[in-house]
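The values are calculated or read from the model by the stated rules, or taken from the named source; none is laboratory data. These numbers come from a predicted model, not from an experiment. For neighbour counting, all protein chains shown are included, and Cβ atoms are generated from backbone atoms with ideal geometry for every residue, glycine included.
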Amino acid sequence: MSTLGPEIVDLSAEELRERVAVELDRTRRRSAALTDVVDDEELVKQHSPLMSPLVWDLAHVGSQEEQWLVRDVGGRRALRPDIDDLYDAFQHARAERPELPLLGPEESRQYVATVRDKVHDVLDRVPLRGRRLVDNAFAFGMIVQHEQQHDETMLATHQLRRGDPVLHAPDPPAPPEGTETSGEVLIPAGSFTMGTSEEPWALDNERPAHRVHVDDFLIDAHPVTNADFFRFVDSGGYQQPRWWSEEGWRYLRHAGLEAPLFWRRSGDVWMRRRFGRVEPVPAREPVMHVSFHEALAYANWAGKRLPTEAEWEKAARFDPRSGRSRRYPWGDAAPEPHHANLGQRHLRPAPVGSFPEGRSPAGVGQLIGDVWEWTATDFAPYPGFEAFPYREYSEVFFGPSYKVLRGGSFGTDPAACRATFRNWDFPVRRQIFAGFRCARTPSRAELD
Ligand SMILES: [Fe+2]
């Protein structure tokens, strides 16, 4: 599996072009696979008011690619300026997208293929250094990540879709026999480098690198599991306002929440629907399809709290031996299948305790992949933030409406996942592949 990291500054222009072309093609195969497995009727249909029709995501990916790579980077003539507005996410809410005069499935496929042909031509000709937008092929990297993020969104649409399974993948590996899966890890007080100024394809919100002091904290060695979460549900957690924030309780009442999304009780057993299959909820998997509010209520019930974003990143990156921050918990090497459950190789999170080689120096596991993890922190700019290449990438989302999620899920591609990568969403969102782990502040006695 490949991601492009700081090593790309040493590549020749030819090598860099080759690597970019590989990433573009690999990403497009994923988009094609997600849209070729259903028929035209399912492509244009809205599977949930929370999501766009799949055919919108497909052409939107092409439209963004045309605007940034063909027109801006390439300086070429616009192919379809007439459809810019249809595929502008800021112009039309997801719920209204099915009513728009969208390109049909075949037209959309042709459109994205035509754009891609032009992009390969631009990639062959444009210098990849000397202009900030194209330095180290940044704009191409931004577009690869954008498409991969929409692929994860399309995967979430597949999860919401009703009907027989159309996606198939082997189960993730089981943890080694006898792996300890409960417990917390103490991260001692001190400062560390948060964010990055080096990662060539890092997005504006991950920049710049800056020092942050973090007090002593304990963090769960693994994400909260379905078995853990059962206990909260079965002890009446969804009936007791004392565990919930005021806003969370209002949301629970309004939405009628009783358990994570896709769970159904059948007699004494909780069942779940997963990409069209109905199965018992597996005890040892990280819980997912919970909102920020549910994560926070669980943490309160457990006598803990959610980690702040800085705590999460320190747990994931800080190497106490060298004092530096790594790209990933296991080091600087690009993610391989033995490190983390990424890239839709599997259609579910792996049981806790899996991927021992992916642990952080302090011994925190599964920070990358499996499930996105809700943090306690509002999405906000780092000190020295500069919007790039446009305000609509991140800046317009900063503020208390969005909570930060970290670490990526089984459906996140390695190209759009690093220990600095920041995702954000509304605290009520449940259809995303999100779970959480807890943290807490140690007592004096625990520190002595
Ligand atoms: Fe988009």
Where residues in region 25-71 are buried (at least 19 other Cβ atoms within 10 Å of the Cβ) and of a type in the set (Ser, Thr, Tyr), which of them is nearest to His158 (Cα to Cα)? Thr35
Yes or no: region 125-143 includes at least one residue that is free of Cβ contacts under 8 Å to residues at least 24 places away in the same chain, assigned to a helix (DSSP H, G or I) and polar (S, T, N, Q). no
Failed condition for Pro6, given (1) over 30 Å from Arg429 (Cβ atoms); (2) within 16 Å of the ligand (Cβ to nearest atom), with all others met? (2)
Among residues belonging to region 120-144 that are within 16 Å of the ligand (Cβ to nearest atom), among the aliphatic types (A, V, I, L, M) and within 17 Å of Ala387 (Cα to Cα), point out the one that is surrounded by the fewest Cβ atoms within 10 Å (Cβ to Cβ). Met142
Could you tell me how many of the residues in region 418-430 are under 13 Å from Phe292 (Cβ atoms) and not acidic (Asp, Glu)? 7
Can you tell me how many residues in region 90-113 are closer than 20 Å to Phe140 by Cα and within 24 Å of the chain's Cα centre (by Cα)? 1
Could you tell me how many of the residues in region 135-159 are more than 18 Å from Gly5 (Cβ to Cβ) and either over 13 Å from the mean Cα position of the chain (by Cα) or of a type outside the set (Gly, Ala, Ser) (or both)? 12
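Quick one: would you say His213 is surrounded by 14 or more Cβ atoms within 10 Å (Cβ to Cβ) and farther than 27 Å from Gly353 by Cα?
Numbers: surrounded by 14 or more Cβ atoms within 10 Å (Cβ to Cβ): no; farther than 27 Å from Gly353 by Cα: yes.
No.
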Name the pairs whose Cβ atoms lie under 6 Å apart, with the first residue in region 183-197 and within 15 Å of Ile219 (Cβ to Cβ), the second of a type in the set (S, T, N, Q) and assigned to a strand (DSSP E or B), and 6 or more positions between them or separate chains? Phe192/Ser325
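Hey, could you check region 29-67 for residues that are acidic (Asp, Glu) and part of a helix (DSSP H, G or I) and say which is nearest to the ligand (Cβ to nearest atom)?
Residues of region 29-67 acidic (Asp, Glu): 36, 39-42, 57, 65-66.
Still in the running and part of a helix (DSSP H, G or I): 36, 40-42, 57, 65-66.
Values: Asp36: 20, Asp40: 22, Glu41: 24, Glu42: 21, Asp57: 8, Glu65: 10, Glu66: 13 Å.
Going through the qualifying residues, I end up with Asp57.
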Mind checking which residues of region 389-416 are charged (D, E, K, R) and in a loop (DSSP other than H, G, I, E, B)? Arg391, Glu392, Asp413
Tally up the residues in region 222-274 that are under 25 Å from Pro165 (Cα atoms), surrounded by fewer than 16 Cβ atoms within 10 Å (Cβ to Cβ) and touching a Pro at 6+ places or on another chain (Cβ under 8 Å), please. 2
Restricting attention to region 1-36, report how many residues are touching a His at 6+ places or on another chain (Cβ under 8 Å) and aliphatic (A, V, I, L, M). 3
Residue under question is Val115, and the condition is that it be at pLDDT 95 or above and in contact with a Gly (Cβ under 6 Å, 6 or more places away or on another chain); does it hold? yes
